[in-house]
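The values are calculated or read from the model by the stated rules, or taken from the named source; none is laboratory data. These figures come from a predicted structure and were not determined experimentally. A quick note on method: Cβ atoms are made from the backbone with ideal geometry, for glycine too, and the neighbour counts reach across all protein chains shown.
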Amino acid sequence: MTLLDAYVNQAGAAEALPGTFHAWATVADAVRATTKRLEKSALLESYFARLEDAALVIAARFFSGVVFPRHDMRTTQVGGSIVHGALEAVSGVDGPELHERYVAIGDAGDLAGELFATRPPSGVTLQEVESWFGSLALAAGTNARRLAVRALLAELGGLEAKYLVKLLGGELRIGLKEAQVEEALAKCFGRPLDLVRRANLLRGDVGEVALYARQGTLKSATLALFHPIGFMLAQPLATAEEIVATLPQPFALEDKYDGIRAQAHVTADRVALYSRTLDEITSGYPDVVAALEQLVLASDERGMTSGERSEISPLATRPSSLILDGELLAVDPADPKRALPFKALQRRLGRKAPTAAVVAQIPVAFVAFDLIAVDGALVIDESYSTRRTHLADLDWPQSGASLAPMRRAATPQDVDHAFGEARAAGNEGVVAKDPSSPYTPGRRGKTWIKLKKATATLDVVVTGVERRHGRRRAVLSDYTFAVRASDSDPTLLNVGKAYNGLTDAEIVELTKRFEALTVQRFGRYHQVRPEVVLEVTFDIVQPSARHKAGYALRFPRIVRVRDDKPVSEIDTLARVRQLAGDAEQ
């Protein structure tokens, strides 16, 4: 008997057909129940082998936490309020009690499973659930989506409801990543893992790749544009000496920019921009789209010979498509070659359709520093130097998009000098790159190394903490912190929230302290007596209407707990203003 058989029998669902949503949810629950990677894989392998082709495609996607292929533009458009309203309506539990139970459980899917635990399986199939998600994406208006969610939840069994809600939220929280789904597909169908991962990188649809793996056609996968590919990450090191000791000399140096990382997919018919979180942000940057369009062949140039194109334009031949890695920066309207600080870019962030006036006041440009694909082919296995040559050969427009400057370095003095120039230009620091390195999506290695020294630290006091979701619901780990109004005024003014920098053991210990210091609770949020002092570092200080101090720290990170420092000695608003460059206020 396989591990899957044992779990299915234990769950009383041996009669379930593999293609039902209940069977899929049973396997998901089994995966959640074990912390062993090999057991998780064995469960998936056994299950995948039992599925027909259509169900296999859907199951692989669902186990990756997505309901549509990553290149698919559809979304369910269902938020937490619709889900909680549906749970209240179907279960009959009133809103306040439902909220309390949600806070205690920490996950809406688990809450649904508890509410409907006694319900038997519905028999609904994976194909029917997939079709329902498709109709949900097309539903016109919030009310239609609300009714659709209520109707299906009223029909499903407890385990099915649990995982439907998890899929709607975009997180299964069963200790499974898409990389593990790829591994299980490779083992199940006896295919090389590198071929499975390559095909998924090309297609952006693990469901489609599951079928390729079964059919033995992984090598036939071609690049599908307009699905975000994982960003290559840089390893931080503290000193120039460490960088020189790690990389072969000479190595490349680029500025680390004070903007937001972005990936651009470009054809003559469409330009798409994706954030580091792999969300599409295209609509917010029409000026960048217009600039990037100039890098590729226009529609009427396709099919022409290079000679015919040269008669139209003296520029060198342009590619038909590109995928670029780079940074979005706010630039000076009077001098588009001069980048502005991140706080200027903030006025463009989150705007789905900025007005022409906003675009004119705060133009944004794309600075490219790597190439992922050109003319429909990935180039990530080529060296950094080769990819850089491809980028240098492109016909960059006069403004709106450009190639990041690069210099060579071989000594700590070279690195420190470049770092100083980068900071003087308003950038965060430098990134050193091995000229022979490939582009490794989603991975952090020691072929890209960033030197980004924190500007300063602040001593602050914690005023509030928050309970996390899922497996982190047992700890309080989001710390809202404050500074004093002045040396003579002890009024506390919140200036940020941090959750990075502490070990799990430190978080557990602080949770005990904050539970004892809690004076009031608002759902997951605990207001605490201001006694725990932290030292925090950050990238920059920027104006913010969200905090009482009128400022916020960008990317705050906890350096240490300062039990040696009383609250009376924490930093003041004057110090925050000084770090923001507003000392005269």
Counting only strands (runs of 3 or more DSSP E) wholly inside the stretch 517-571, the ones holding at least 3 residues that are out of contact with any Cys (no Cβ under 8 Å at 6 or more places or on another chain) and at pLDDT below 90 are 518-522, 540-543, 551-554, 557-561
Here the residues within the stretch 388-430 that are among the polar types (S, T, N, Q) and touching an Asp or Glu at 6+ places or on another chain (Cβ under 6 Å) are ASN427
* Asked: Given the structure, is VAL559 surrounded by fewer than 19 Cβ atoms within 10 Å (Cβ to Cβ) and more than 24 Å from PRO341 (Cα to Cα)?
  -> yes
Q.
When you scan the stretch 59-80, do you find a residue that is surrounded by fewer than 20 Cβ atoms within 10 Å (Cβ to Cβ), farther than 29 Å from LEU202 by Cα, modelled with pLDDT under 95 and not hydrophobic (A, V, I, L, M, F, W, C), even just one?
A. yes
LYS256 passes all but one of the listed conditions (1) at pLDDT 95 or above; (2) in contact with a Gly (Cβ under 6 Å, 6 or more places away or on another chain); the exception is number (1)
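This table checks each residue for (1) within 25 Å of ARG197 (Cβ to Cβ); (2) of a type in the set (Gly, Ala, Ser).
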| residue | (1), (2) |
| --- | --- |
| ILE229 | yes, no |
| LEU247 | no, no |
| ALA252 | no, yes |
| ILE260 | no, no |
| VAL266 | yes, no |
| ASP269 | no, no |
| ALA272 | yes, yes |
| SER283 | no, yes |
| ASP287 | no, no |
request  = Inspect the stretch 436-443 for any residue being basic (Lys, Arg), more than 18 Å from ARG261 (Cα to Cα) and not assigned by TED's automatic domain parsing to the domain that holds ARG554 and give the result as yes or no.
outcome  = no
Note: among GLY123, GLY113, GLY79, GLY106, just one is touching a strand residue (DSSP E or B) at 6+ places or on another chain (Cβ under 8 Å) and within 27 Å of SER477 (Cβ to Cβ), namely GLY106
(request) Say whether the condition of being surrounded by fewer than 16 Cβ atoms within 10 Å (Cβ to Cβ), not β-branched (Val, Ile, Thr) and not in a helix (DSSP H, G or I) is met by at least one residue in the stretch 504-514. (result) no
The stretch 244-291: strands (runs of 3 or more DSSP E) wholly inside it with 1 or more residues that are under 18 Å from MET73 (Cα atoms) are 260-267, 271-275
Across the stretch 174-229, the tally of residues that are aromatic (Phe, Trp, Tyr) and either over 19 Å from the mean Cα position of the chain (by Cα) or farther than 18 Å from ASP72 by Cα (or both) stands at 2
When every residue in the stretch 65-123 that is basic (Lys, Arg) and over 27 Å from the mean Cα position of the chain (by Cα) is compared, the one nearest to ALA199 (Cα to Cα) is ARG119
Taking the stretch 111-131 and keeping only residues that are surrounded by fewer than 19 Cβ atoms within 10 Å (Cβ to Cβ) and assigned to a helix (DSSP H, G or I), one is left with GLU114, GLN127, GLU128, SER131
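To keep it simple, each residue is scored yes or no on (1) outside any loop (DSSP other than H, G, I, E, B); (2) surrounded by fewer than 21 Cβ atoms within 10 Å (Cβ to Cβ); (3) touching a Ser or Thr at 6+ places or on another chain (Cβ under 6 Å).
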residue	(1), (2), (3)
ALA151	yes, yes, no
LEU159	yes, no, no
VAL165	yes, no, no
GLY175	no, yes, no
LEU185	yes, no, no
ASP194	yes, yes, no
GLY207	yes, no, no
TYR212	yes, no, no
PHE226	no, yes, no
_Yes/no for VAL66 being of a type in the set (A, V, I, L, M), in a loop (DSSP other than H, G, I, E, B) and without any contact (Cβ under 8 Å) to a residue 24 or more places away in the chain_ = no
Taking first residues from the stretch 234-246 that are farther than 21 Å from TYR439 by Cα and second residues anywhere that are among the acidic types (Asp, Glu), the pairs with Cβ under 6 Å that are 6 or more apart or on different chains are ALA240/ASP416
